[in-house]
Amino acid sequence: MKKITPFANEADSVGLGDLTIENRTDQVSVYGSLDLTRDKQGLKNARALKGLLDKVVRVLEADKKLPDKLPPPKAPSRVKNPFQ
Amino acid sequence: MTVLLGRFSLAVVLTLAPAFASAAETACPQHFVGRAAPDLANAKLAPQTRELCYSEFALLHSGVTRTPLWSAEHLTRAQIDTARALDREGTFHPDPNLPRRERTELTDYARSGFDRGHVAPSGDMPNRQAQQESFSLANIIPQNPDNNRDLWSDIEAAVRTLARREGEVYVVTGPIFQGEDLQQLNERVLVPTHVFKAIYVPRRQQAGAYVAPNAPGDTWKAVSIAELEQLTGIDVFPALSSEIKTTAMALPDPDPPRRKPRARRQVEEMPLRERMPAE
């Protein structure tokens, strides 16, 4: 799995089994499903997932100004439908 | 038309012939049914549109919405088998082939609460180059996270399974913009109200489209290609006969076998407003 630096950019996207991991500056999204099978592939995947989560924890722990909760996303504006 | 072989070739050639005159010009006809790119029946969609040709898909980008209006692919069994063996890996990026004033930047999506939803799915791409091309923001819409990660992901998977089973499928995917006004991200990117995925199965000579709200939930609707044109203002398969376009095929159910179904519902009624193409 390609290494990513959590929260560093809005660009990285990697897969781990059927999990998708997306790097954003305000969150790291992890979604989909993954079977950690009792074999060498399962061990490899477990290490990759643990490596990612360890990095997320390190970045969050190191943030001295970590808020209790992020403010909600910017509300989209409303515009007239140009195709009507 | 030498690419069309087999027992359906004569019928297909005959039904395709009249449509060529009106088909949109394209630099990469290999991605389209009968080598004909989708037609914009609603002329209001046309300003600031540019076709971008990539190795495994083509798209029409709109500088008005700063999204694609459609992305088109020709999926084959061999491509899907190769794609399934390839891990997801990509980097979202502004499209270098678009003028800055028309394209989205990564910052447009930052802290928006929306996923960057692929229109031509990364999961269809059989090699690193094609996969990276699919991460161009020209191939991305602001998509509700629940829709992107669940129902829509399963519709994409169902179409891949269909392509494997039937040997090949033509796919055109895109956003629908309905209603008097629309949401806009960062005062630049229009948020679709719905998403569609139209498919044509050459072996069956049948076509139809999935339509789902760009919102949380599990409901989707099957429509014919002709009905889809009323919703989008786009004729996604100009080369098909009107008989094929007006008959909605039975679409594969997107319920995956891998987990407990979430009571997915194909609905007969969905609050979609039809609109006649503008003259």
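The values are calculated or read from the model by the stated rules, or taken from the named source; none is laboratory data. Please read all numbers here as calculations on a predicted model, not as lab measurements. Using ideal geometry, Cβ is built from the backbone for each residue, glycine included, and neighbour counts are taken over all protein chains shown. Areas reflect the complete protein model, heavy atoms only, side chains present, ligands, DNA and RNA absent. Shrake-Rupley method; radii C 1.70, N 1.55, O 1.52, S 1.80 Å.
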The residue from B:ALA163, B:ALA130, B:ALA120, B:ALA157 that alone is within 25 Å of A:GLY17 (Cβ to Cβ), within 14 Å of chain A (Cβ to nearest Cβ) and in contact (Cβ under 8 Å) with a residue 60 or more places away in the chain is B:ALA157
Kindly indicate whether A:LYS74 is at pLDDT 95 or above and open to solvent by 50 Å² or more (accessible area, probe 1.4 Å).
-> no
In the range A:39-62, what count of residues is obtained for those that are open to solvent by 70 Å² or more (accessible area, probe 1.4 Å) and not hydrophobic (A, V, I, L, M, F, W, C)?
-> 8
So how many residues does the range B:20-60 have that are on the phi > 0 side of the Ramachandran plot, open to solvent by less than 50 Å² (accessible area, probe 1.4 Å) and touching a Gly at 6+ places or on another chain (Cβ under 7 Å)?
-> 0
Output yes when any residue across the range B:85-99 is within 14 Å of chain A (Cβ to nearest Cβ) and touching a Pro at 6+ places or on another chain (Cβ under 9 Å), and no when none is.
-> yes
Condition met for B:GLU73 (part of a loop (DSSP other than H, G, I, E, B), of a type in the set (D, E, K, R) and under 30 Å from A:ASP18 (Cβ atoms)) = no
If you go through B:GLY208, B:GLY174, the only one that is under 21 Å from B:ALA36 (Cβ atoms), within 16 Å of the chain's Cα centre (by Cα), within 14 Å of another protein chain (Cβ to nearest Cβ) and at pLDDT 95 or above is B:GLY174
Apart from one, (1) modelled with pLDDT of 90 or more; (2) assigned to a loop (DSSP other than H, G, I, E, B) all hold for B:ALA226; the odd one out is (2)
Kindly indicate whether B:ASN144 is surrounded by 23 or more Cβ atoms within 10 Å (Cβ to Cβ), within 23 Å of A:ILE21 (Cα to Cα) and either hydroxyl-bearing (Ser, Thr, Tyr) or touching a Ser or Thr at 6+ places or on another chain (Cβ under 7 Å) (or both).
-> no
Top-ranked residue in the range B:220-254 [being among the small types (Gly, Ala, Ser) and surrounded by fewer than 22 Cβ atoms within 10 Å (Cβ to Cβ); ranked as farthest from A:GLN84 (Cα to Cα)] | B:ALA250
